[in-house]
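One structure is given here, and the rest of the page talks about it.
The values are calculated or read from the model by the stated rules, or taken from the named source; none is laboratory data. All figures in this text were calculated on a predicted structure; none of them were measured in a lab. As a convention, Cβ positions derive from the backbone with ideal geometry for all residues, glycine included, and neighbour counts pool all protein chains shown. Areas reflect the complete protein model, heavy atoms only, side chains present, ligands, DNA and RNA absent. Shrake-Rupley method; radii C 1.70, N 1.55, O 1.52, S 1.80 Å.
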Amino acid sequence: MKFGTIGAGPVALGFAREALKAGHQVVLSNRRGADSLADVVAELGNGASAAAAAEAASLDYVLFAVPWPNVEGALRGLPPWNGRVLIDATNPFSAYSPELVLADLGDKGASEVVAALAPGARVVKAFNSIVIERFNQGPAKDGGRRVIFVSGDHAEPVEFVKNLIASFGFAPIHLGGLVAGGRLQQAGGPLAGRDLVDFGYH
């Protein structure tokens, strides 16, 4: 598979490393342009490349990982989604320094906001609930596998993302639809940031 990314920060790079290790290709993008990612692409190695956001976003599966204040701008001007899959790894922090501040989304979940800004995309929430430092430590912990939550309204891409997570060695757990599940796993929700481990007893 060839995955695109919108964003090339720690979450996108962590995803890219796992995807490349599993034999996939990754096309990274950011708002500064492909040339700014030359060193990152060289470090990631074979299978990694960089492109303009519109090109990366034209692929069938696209990881979306940008700071919350940049969400609207990052989704503006992209090709029509036409059912392609947007893997939403964002969290709704309005500020990151000197401390994390949750954005006021009113009665909406973060992925509902993202879905409204990407009409026609099949949105799957994933890779946002695990702290990136723990993700980068790998899936194995204390004899079990670290959990990554998945939410979405479309069975086929949800199953694909679950299988992708499992191929990385992590334990995918589907929380249900985007509204209920997305709110459980987004920052501020009860399952956000927890280093949970599946020991395979079920």
Open item on the list: For region 1-106, what does the accessible surface come to per residue with a 1.4 Å probe? Please give it in Å².
Closed with: 48 Å²
Task: Cα pair distances exceeding 23 angstrom across region 1-80, given as percent - done: 10 percent
TODO: Would you mind working out the magnitude of the charge dipole of the chain relative to its Cα centre, with +1 at each Lys and Arg C-beta and -1 at each Asp and Glu C-beta, to the nearest 20 Debye?
DONE: 200 debye
- [ ] Report ³J(HN,Hα) in whole Hz for each residue of region 154-169, in order, from the Karplus equation J = 6.51 cos²θ - 1.76 cosθ + 1.60 where θ = phi - 60°; Gly and Pro get x.
- [x] 10, 4, 5, x, 4, 5, 4, 5, 4, 5, 5, 4, 5, 5, 6, x
Open item on the list: Quick check: at a probe of 1.4 Å, how many percent of the accessible area of region 1-130 sits on carbon and sulfur atoms?
Closed with: 51 percent
Open item on the list: Less than 20 Å apart at the alpha-carbon level, and either on another chain or at least 8 residues along: which lysines does that give for Lys108?
Closed with: Lys125
- [ ] Per DSSP H run of n ≥ 4, the term is -39500 (n - 2.57); total these for the chain, divide by its residue number, and report the mean residue ellipticity at 222 nm rounded to 500 deg cm²/dmol.
- [x] -8000 deg cm²/dmol
Open item on the list: Checking the cross-link filter: which lysines have an alpha carbon closer than 21 Å to that of Lys141, excluding same-chain neighbours under 8 positions apart?
Closed with: Lys21, Lys162
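Within the P(r) computed for the chain, what percentage of the Cα pairs occupies the region above 22 Å?
It works out to 44 percent of all Cα pairs.
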Task: Label-point gap, in nm, between Tyr96 and Glu55 - each point 7 angstrom along Cα→Cβ - done: 2.5 nm
